[in-house]
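In what follows, a structure is listed as structure tokens, so that the remarks can point back to it.
The values are calculated or read from the model by the stated rules, or taken from the named source; none is laboratory data. Predicted model only: the values in this text are computed from it and were never measured. Glycine also receives a Cβ, built like all others from the backbone with ideal geometry; neighbour counts cover every protein chain displayed. Calculation scope for accessible area: heavy atoms of the full protein, side chains included, ligands and nucleic acids excluded. Shrake-Rupley method; radii C 1.70, N 1.55, O 1.52, S 1.80 Å.
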Amino acid sequence: METSIPKISTVLKTLLRADFTTQWRNRRAVILTLIVPVIILTTWKPFVAQLGGPFVLSNSITIGLVAIGLMGYSTSIARDRDKGVFQRLRVAPISSWSIMTSRLLVQMAMILMVTTAVFIAGSSYDQVTLTPAGYVVTYLTAIIGGALYLSIGQMIVGRIQNPETVNSTVRLVYFVFIMVGMFGQFSTNLQLHNIVQWSPYGTVKTIMASGMEPEKWNNEASMALLVTIGYTAVCAVLGIKWFKWNTK
């Protein structure tokens, strides 16, 4: 008896269909993920005249990326692992990297959706528009920033096995990122300002704000990009090293 091994493209297509279907059925969480950065954008409208459109847009998108990587990705991975979804998938003729690639591609689609939602809201409500190059570069930096938060989520779900503990941990980390990231940059304390600027929140916000005005990209933005990639590499390596496919 011959064993028929499906093609990689067929496997990915099937997994993507299943993961997107699951995401669609959980559309209430998707809507919340889209609404939060848009609400931040609308409430920060007075800052547009003071600090500029890129400042407000980049903060709003960064908040959405944090929610996707922490609240969305890590909790779904922890839930499916606890329910034995990964164990059932791994007994099929499917490679492990195909399973995770499908999950990550769904989250990348969410990143593009959040970025687009902020752009639409910014244009219609705050009258903030970018050049075509600004939109393209911002999408690219959003993917890079989103990868950082996905790697942080992977590290948390890799280190912590209990799904309830994962849920509470990511909520705490999310709160810290939002509070420190959003309000720390307004602090008059130079040391705190520098810490926030070079934190994962700050570096992502910097590369996106600079990406919205490519002509103003400077050495600080380039350094923030390198630091973001460094954060991503470290968290991804640790997340992959620590990750277990079951809770036993």
**Fill in**
Considering residues that are among the aliphatic types (A, V, I, L, M), part of a helix (DSSP H, G or I) and under 16 Å from SER60 (Cβ atoms), the number found within segment 197-237 is 4
**Message:** Criterion first (open to solvent by less than 10 Å² (accessible area, probe 1.4 Å) and in contact (Cβ under 8 Å) with a residue 24 or more places away in the chain) does ILE61 satisfy it?
**Reply:** yes
**Prompt:** What are the residues in segment 184-196 that are surrounded by fewer than 18 Cβ atoms within 10 Å (Cβ to Cβ), part of a helix (DSSP H, G or I), of a type in the set (A, V, I, L, M, F, W, C) and in contact with a helix residue (DSSP H, G or I) (Cβ under 9 Å, 6 or more places away or on another chain), if any?
**Reply:** LEU192, ILE195
**Prompt:** Does segment 127-138 contain any residue that is open to solvent by less than 50 Å² (accessible area, probe 1.4 Å), over 20 Å from the mean Cα position of the chain (by Cα) and hydroxyl-bearing (Ser, Thr, Tyr)?
**Reply:** no
**Request:** Looking only at segment 79-95, decide whether some residue is open to solvent by less than 50 Å² (accessible area, probe 1.4 Å) and farther than 24 Å from LEU15 by Cα.
**Result:** no
**Prompt:** If THR101 satisfies every condition in (1) under 20 Å from the mean Cα position of the chain (by Cα); (2) surrounded by fewer than 18 Cβ atoms within 10 Å (Cβ to Cβ); (3) under 20 Å from ASN167 (Cβ atoms) but one, which is the exception?
**Reply:** (3)
**Asked** Limited to segment 218-232, what total is found for residues that are exposed (fewer than 15 other Cβ atoms within 10 Å of the Cβ) and either of a type outside the set (A, V, I, L, M) or closer than 13 Å to GLY53 by Cα (or both)?
**Response** 5
**Message:** Anything in segment 73-90 that is of a type in the set (Gly, Ala, Ser) and in contact with a helix residue (DSSP H, G or I) (Cβ under 6 Å, 6 or more places away or on another chain)? List them, or say none.
**Reply:** SER74, ALA78
**Prompt:** Mind checking which pairs have a first residue in segment 26-47 that is at pLDDT 85 or above and a second that is open to solvent by 80 Å² or more (accessible area, probe 1.4 Å) and of a type in the set (A, V, I, L, M, F, W, C), Cβ under 7 Å, 6 or more apart or different chains?
**Reply:** LEU34/MET113
**Asked** Of all residues in segment 110-126, which are touching a residue at least 12 places away in the same chain (Cβ under 8 Å) and surrounded by fewer than 19 Cβ atoms within 10 Å (Cβ to Cβ)?
**Response** LEU112, MET113, TYR125
**Prompt:** Residues in segment 155-175: is at least one polar (S, T, N, Q), touching a residue at least 40 places away in the same chain (Cβ under 8 Å) and open to solvent by 70 Å² or more (accessible area, probe 1.4 Å)?
**Reply:** yes
